[in-house]
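The values are calculated or read from the model by the stated rules, or taken from the named source; none is laboratory data. Since we're looking at a predicted model, the values are computed, not measured. Here the Cβ positions follow ideal geometry from the backbone for every residue, glycine too, while neighbour counts run over all protein chains shown. To get the accessible areas, we keep the full protein, side chains included, count just its heavy atoms, and leave off ligands, DNA and RNA. Shrake-Rupley method; radii C 1.70, N 1.55, O 1.52, S 1.80 Å.
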Amino acid sequence: MSWQGWLQDIIFVVAVLAAVKPLGGYMERVFAGGPTFFKRLLGWFEALLYRLSGVDPGVEQSWLEYAGSLLAFNLVGMVALYGLQRLQGMLPLNPQHFPAMAADLSLNTAVSFTSNTSWQSYGGETTASNFTQMAGISVQSFLSAATGIVVAVALIRGFARRSVTEIGNFWSDMTRCSLYVLLPICVAATILFVWEGVPETLSAFQAVDTLEGGKQTIAYGPVASQEAIKLLSSDGGGFFNANSAHPFENPTAFTNLIEVGLIFLIGAGLTNMFGRMTGRPREGWALLAAMGILFACGTIAVSRVEAQGNPAMAALGVNQTTNATQAGGNMEGKEVRFGIGGSSLFATVTTDSSSGAVDAMHDSFMPLSGGVLMANMMLDEVIVGGVGSGLFSMLLFAIVAIFIAGLMVGRTPEYLGKKIEADEVKMAMLALLFVPAATLGLTAVACVLAPGIAGISNAGPHGFSEILYAYTSAAATNGSAFAGLDANTPFYNLTLSLAMFVGRYFVIVPVLAVAGSLAAKRIAPTSRGTLPTDGLLFIGFLLGVIVLVGGLTFFPALSLGPIAEHFLMQSGRLY
Amino acid sequence: MFLLRSEGDVADLLAILLFVGAFAVAASFAQLCRRLLEPPAARKESIES
């Protein structure tokens, strides 16, 4: 890869790290109900919302009440988004006169955006009206992101509090997160995108005469505002089918860098908020360090593999070297303006997080790179991860790691002064096992049933990878697609919806249960026998547990897909 | 069933039932988690009552 590509990676890491402390401190103040600039500006609106909805922000909830509120709120959001899609033909802001979306597609899209997955079995510019995009999809991007963040906040409170049953108020957490965290950053990002050339309009599509004398329809709409929340929320659902590979979503190398930065921004900041809320800032940095090591491994691997190019092309005498006139490497499926560096960084970041936005087609990456992208998602979104979900998944692994460490030395395991007992480990393992169960179970079903096999475009291991990637992406609430899979069929729409639902809500519920269980415990003082959890030893141990528990579960499946394809490619067989 | 005038209406009804059913299962799962977290004595009392 060119030096500019590596420089871009370094700038990205430095920019994200620079934002971690200020954002973490700001979010801590927001969720504590403390004074902030935006609270002074929008506090009246927050109070109005409470008055209209009859919510008393001072009344806190037990974990079960918190979970009940969350599930009820998400149910209403899902039904509302489904209704918008089915009724869009009769609703305003539909200049292209799109009819109602099909029932199975609407169901899939409703589950997808409410669960912060943003799997898209449709092309936005050919299917969804501006109203559906704005009032349905973008609104759910906000709310699903806020849902993930408040679950992480509730879990942190579980660690920080002692001998109480309450973990916060779901309604006030959601309101503060949406108004004071997501909205201000999105407004700033939207203005930046518009400045860089991303459209923001409610006009009908433009019909133009091409230089060849033909007619072409240029699609656009309220893209910039959707782009901002799409990335910030780690939701990733694009206005256009090509997502961030489309020049109206991601016009320049600069916007490409801003986009990857937005994807990681909140997830990285939450680790700092975790350290502050628990009164142990080093613990937050330790978690971020573990995430950073996994991120670096993935980015370097994908960048190197893509830069080396395709050996089958080399055998034909094709020049794949990087030089002044060409990007070099494996440029299939990549935008020339982003090259290997911008595409590899984006692909790694989007699969590390639960974003799912893409600026290159993952189906066209080299087999090993495709395997790394899948492995990123299979690790359960712990590499910064989705907003909120990354942190709470990492904390689940920390609980399991500390439990195993405790068993090894024969002491009752403690994390942040809380004794980790059977209850927490049971809940953590439930949450961690539902995702692989949904992924592998549904992949197996799709591989043996005719409607599942009918969707793939390639034979052999690559076809298997298309199916495996789809269910991995859905259950990890990522939403990116491998391409090559015709997923807009009743079979895939329904089974992927099931994977998304399980991957979201059957993880959130045990996480909240852990929060409630921890909040009720005392905080034990640190003693000589306490295992330090902010040092290199624990970071290494945590990484080992993530790879063993999270990664090896999927190793046989990866062997059948990208790993087999890699070795077959070396022997000259392509799929 | 006079409101269900077309295949689309039936599909909409099924979709909404699916949403409600799925969240009902998730809520039941939350209750199951609560029971798993209860101290054994409380669980025994609850079963006896």
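A compact table of results
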item	result
Probe 1.4 Å, protein heavy atoms only - accessible area per residue of segment A:289-374 in square angstrom	34 Å²
Length released on extending from residue A:297 to residue A:252, taking residue separation times 0.36 nm less the Cα-Cα span	13.6 nm
Cα-based reach from residue A:39 at 16 Å (exclusive), listing aspartates and glutamates while leaving out same-chain residues under 8 positions away	A:28, A:173
Calculated SAXS-style log₁₀ I(q)/I(0) at q = 0.17, 0.19, 0.21 Å⁻¹ - segment A:291-435, Debye, Cα scatterers	-0.90, -1.03, -1.18
Linear extension gain, residue A:183 paired with residue A:528, 0.36 nm per residue minus alpha-carbon span	119.7 nm
Percentage, to the nearest whole number, of Cα pairs in chain A over 34 Å apart	37 percent
Accessible area buried, both sides summed, chains A and B with 1.4 Å probe, Å²	2000 Å²
Dimensions in Å of segment A:109-209 - Rg and Dmax from alpha carbons	17.9, 70
Nonlocal amide H pairs with residue A:418, under 5 Å, H built at 1.01 Å	A:524
Residue-span extension gain [residue A:571 to residue A:37] - 0.36 nm each, minus C-alpha spacing	186.1 nm
Over segment A:150-296: Kirkwood hydrodynamic radius from C-alpha pairwise inverse distances, Å	17.9 Å
Set of aspartates and glutamates near residue A:21 by C-alpha distance (under 14 Å), chain-local residues within fewer than 8 positions excluded	A:283
Simple spin-label estimate for residue A:194 and residue B:16 in nanometres, 7 Å along Cα-Cβ	3.8 nm
Qualifying lysines (Cα of each under 18 Å from Cα of residue A:521; at least 8 residues distant if same chain)	A:418, A:419, A:426
Kirkwood hydrodynamic radius of segment A:47-181, from inverse mean 1/r over distinct Cα pairs, in Å	16.2 Å
Integer Hz, Karplus 6.51/-1.76/1.60 couplings in order for segment A:58-73, x for Gly and Pro	x, 8, 8, 10, 6, 4, 6, 5, 4, 5, x, 4, 4, 5, 5, 4
Per-residue ³J(HN,Hα) for segment A:32-43, Karplus 6.51 cos²θ - 1.76 cosθ + 1.60, θ = phi - 60°, Hz, x for Gly and Pro	8, x, x, x, 9, 4, 6, 5, 5, 6, 10, x
Computed over chain A: relative contact order in percent, which uses C-alpha pairs under 8 Å that are six or more apart	20 percent
Kirkwood hydrodynamic radius of segment A:478-575, from inverse mean 1/r over distinct Cα pairs, in Å	18.5 Å
Distance in nm between pseudo-label sites at residue A:7 and residue A:548 (7 Å out along the Cβ direction from Cα)	4.3 nm
Amide hydrogen neighbours beyond the local backbone of residue A:168, cut-off 5 Å, H modeled	A:61
3J(HN,Hα) from dihedral phi, segment A:249-265, Karplus parametrisation 6.51/-1.76/1.60, rounded to Hz, x for glycine, proline	8, 8, x, 9, 4, 5, 5, 4, 5, 4, 5, 5, x, 5, 4, 8, 3
For the protein assembly as shown, calculated [θ]222 nm from helices alone, where every DSSP H run of n ≥ 4 adds -39500 (n - 2.57)	-20500 deg cm²/dmol
Cα→Cβ-extended label distance, 7 Å offset, between residue A:336 and residue A:56, nm	6.6 nm
Evaluated over segment A:235-294, the Cα radius of gyration and Dmax, each in Å	15.6, 45
For segment A:402-509, the fraction of alpha-carbon pairs in successive 10 Å shells from zero, as %	15, 37, 21, 15, 11, 1
